[in-house]
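What follows draws every value from the coordinates through simple rules; no lab data is involved. This one's a predicted model, so the numbers in the text were calculated from it and none came from an experiment. Backbone-built Cβ (ideal geometry, glycine too); neighbour counts: all protein chains shown.
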Amino acid sequence: MKIGVLALQGDFSEHISMLKRIGVEAIEVRLPKHLDGLSGLIIPGGESTTIGKLAVAYDLMEPLRQFGKSHAIWGTCAGAIFLSKDAKADQPLLGLMDIKVIRNAFGRQVDSFETDLDIEGLKKASGTDHPYHAVFIRAPIIESVYGQAKVLSALEDGRIVAAQEGRLLATSFHPELTDDTRFHQYFVSLAG
Ligand code: GLN
C-alpha cells in the first residue's frame with residue numbers, strides 16, 4: 001500500500017511523517033505520473049488558492065479528478081476546500097465532493113483554536129473511546145453536505161467540520177499536527 005501526499009504547497013511533510021509512523025509507504029506527489037500505483041492521496045492544509053493555481057500550472061487538475069473517481073482522497077483544511085464542489089470563491093477546485101465550504105469561517109490566524117471532537121466512526125474503527133483532539137488554523141466550515149456526502153463530525157453548535165463521501169474525506173482541521181494517528185489509520189483503511 002502506497003499513499004501519496006500532494007506536495008505543491010502547505011504542510012505535506014507532516015502528513016508524510018504521520019503515514020510513516022503508522023507503517024505506510026508515503027510519497028510526495030508533484031506531477032501526474034506520481035499518481036501511478038497509489039492507493040490513495042492526501043491533500044494537505046496550506047492555502048487553497050495557491051494549491052489550486054499550482055495544480056493548474058502542473059496539469060494536475062484532470063489527473064486528480066480521474067484519480068478521485070476510483071481512489072481514496074482526503075483533504076485537510078485547504079485540501080478540503082480544493083476537494084469541494086463549491087467554495088463560494090473564484091479559484092480552481094477539483095469539484096469531487098458534494099460539500100459546500102466557507103473559507104476562513106472562524107476568522108483570522110489569531111482566531112485559530114483547538115477542541116475535542118466526538119467522531120463515532122473513528123472511535124469504532126480504532127476500538128478506542130477517547131475524543132479526537134482537533135486543531136483548527138484559519139479553517140473552513142463545511143456549510144452543507146448533499147448527494148452522497150455524509151457528516152462525519154460537527155462542533156457542539158452544529159457546524160460541520162468533517163465529511164465523508166464513499167472513499168473521499170474532508171476535514172476542516174489538521175490531524176497531521178497532533179500525535180493521534182487514528183484519522184490517518186481511518187483514511188488508510190478507506191484506501192485499502
Ligand atoms: N485559509 C486557508 C484557505 O482558505 C486554509 C488554511 C489551512 O489549510 N490551514 O485556503
| With a 10 Å Cβ neighbour count serving as the proxy for reagent exposure, in which order, fewest first, do 97, 18 appear? | 18, 97
| said: I'd like to know which of 39, 61, 79 lies farthest towards the positive end of the charge dipole of region 27-97, counting +1 on Cβ of Lys and Arg and -1 on Cβ of Asp and Glu. | reply: 39
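Let me spell out the model: positive unit charges on the Cβ of Lys and Arg, negative unit charges on the Cβ of Asp and Glu, origin at the Cα centre of the chain. What dipole size does that give, in debye rounded to 20? Please list the in-between numbers first.
Working: 20 positive and 24 negative charges, 106 e Å.
The dipole of the chain has a size of about 500 debye.
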| remark: The set of residues whose placed amide H lies less than 5 Å from the amide H of residue 134, leaving out same-chain residues fewer than 5 positions away, is 115, 116, 117
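Within the set 20/100; 2/69; 2/53; 33/69, which residue pairs have Cα atoms separated by over 20 Å? If you can, show how the numbers build up before the last one.
Details: 20/100 32 Å; 2/69 18 Å; 2/53 26 Å; 33/69 17 Å.
Distance filter (> 20 Å) returns 20/100; 2/53.
With a ≥ b ≥ c taken as the square roots of the eigenvalues of the C-alpha gyration tensor of the chain, please select rounded if a/c is under 1.5 and otherwise prolate if a/b is larger than b/c or oblate if it is not? Intermediate results must be reported in sequence, preceding the final value.
Values: a/c = 1.44, a/b = 1.12, b/c = 1.29.
It is rounded, given that a/c, with a ≥ b ≥ c, falls under 1.5.
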| said: Using Cβ contacts closer than 10 Å as the measure, can you line up 90, 59 from fewest to most? | reply: 90, 59
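Please label the shape of region 54-105 as rounded, prolate or oblate, based on the square roots a ≥ b ≥ c of the eigenvalues of the alpha-carbon gyration tensor (a/c under 1.5 means rounded; beyond that, a/b larger than b/c means prolate, else oblate). Let's see the in-between values first.
Values: a/c = 1.95, a/b = 1.34, b/c = 1.45.
The shape class here is oblate.
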| said: At 7 Å along Cα-to-Cβ for each site, give me the label-to-label distance between residue 148 and residue 116 in nm. | reply: 3.5 nm
